[in-house]
Amino acid sequence: MSARLARTTLLALALIGAAGITRAETLIVSLSRENILIQSNFTGERLSLFGVIQREGDEKGASAAYDAVVTVRGPRGAVTVRRKEQYGPMWLNLDERKYIAIPAFLAVQSNRALTSIASASVREDLRIGINAQVPQQIVARGANDPRFREALQRLRIAQGLFRENPEAVRFIAPNVFQAAVDLPGTAPLGDYDVDVMVFANGAMIARGNTKFRVAKTAAEQTLATIAADHGIWFGLGTSILALLVGWLASVIFRRD
């Protein structure tokens, strides 16, 4: 009897597992553009992201209530945060903290507040939110001070480079959503990662990734390369060109 019961239990578990597989959700993500070419007059850009949630074995899609979180991360790099204090007429950098792998741009977008989508532990494990995306600091001097981490986030938010928007994702159908990704005019060059998570009842059930690139146009990139590699000659040529333009303007607008 015990052997038969064991076989029956294993069969039931196998059927439950198979049923779970057939009901698993998958996520399809698409961006309106994969390359953004900027010029000297670049003031910003808006990308449209679309996501489709599909349940295997269900052509009409799932009917469960979903939540979606879209995280856009720009190029990563090291950042040093310094604290200044005034001593008489002078301001001195008395302390600092170094951070590694900080995104130059970070946007966390969702269809409602992150606290309503998942618990704090889930958000921390999945690194959802601005605070979760900023790693712990490297202590240069003194004890670990959370004020530096808060200052880094505050400065990036003020610059428009860090942002959270609980209303940026919109479900246009029960299993289809759309999000607008707004890049500021100060968006840094490089590769941007887009991480999309779908939640149901506080648990992540599907995930998708895509990316796009921000780069200069051919002419802008050529000028930037010349300025970086041949700074002296570039500066001299720019000065001569400015003098020629000024002389030409004086000749054209000269009053007889």
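Read-outs: derived from the displayed coordinates by stated rules, not from any lab. In this text the structure is predicted, and so the values were computed from the model without any measurement. Virtual Cβ from ideal backbone geometry, glycine too; neighbours counted across all protein chains shown.
Backbone amide hydrogens, once placed in the peptide plane, bring residue 169 within less than 5 Å of 110, 111, excluding anything fewer than 5 places away on its chain.
On the basis of the beta-carbon distance and an R0 of 51 Å, residue 157 and residue 244 show a calculated FRET efficiency of 0.70. So what's the gap between the Cα centers of the range 86-112 and the range 146-221, to the nearest angstrom? The distance from the Cα centre of the range 86-112 to that of the range 146-221 comes to 19 Å. For residue 105, the residues whose modelled amide H falls within less than 5 Å of its own, excluding neighbours fewer than 5 places apart on the same chain, are 74. Of the trypsin sites (Lys or Arg not before Pro) found in the range 91-123, those in coil by DSSP whose Cβ has at most 16 other Cβ atoms within 10 Å are 112. Derived scalar couplings between HN and Hα for the range 171-177 equal 7, 8, 7, x, 10, 10, 9 Hz in order, rounded to whole Hz, by the Karplus curve 6.51 cos²θ - 1.76 cosθ + 1.60 (θ = phi - 60°), x for Gly and Pro. Here the simple spin-label model places points 7 Å from the Cα toward Cβ, and for residue 176 and residue 86 these points are separated by 5.9 nm.
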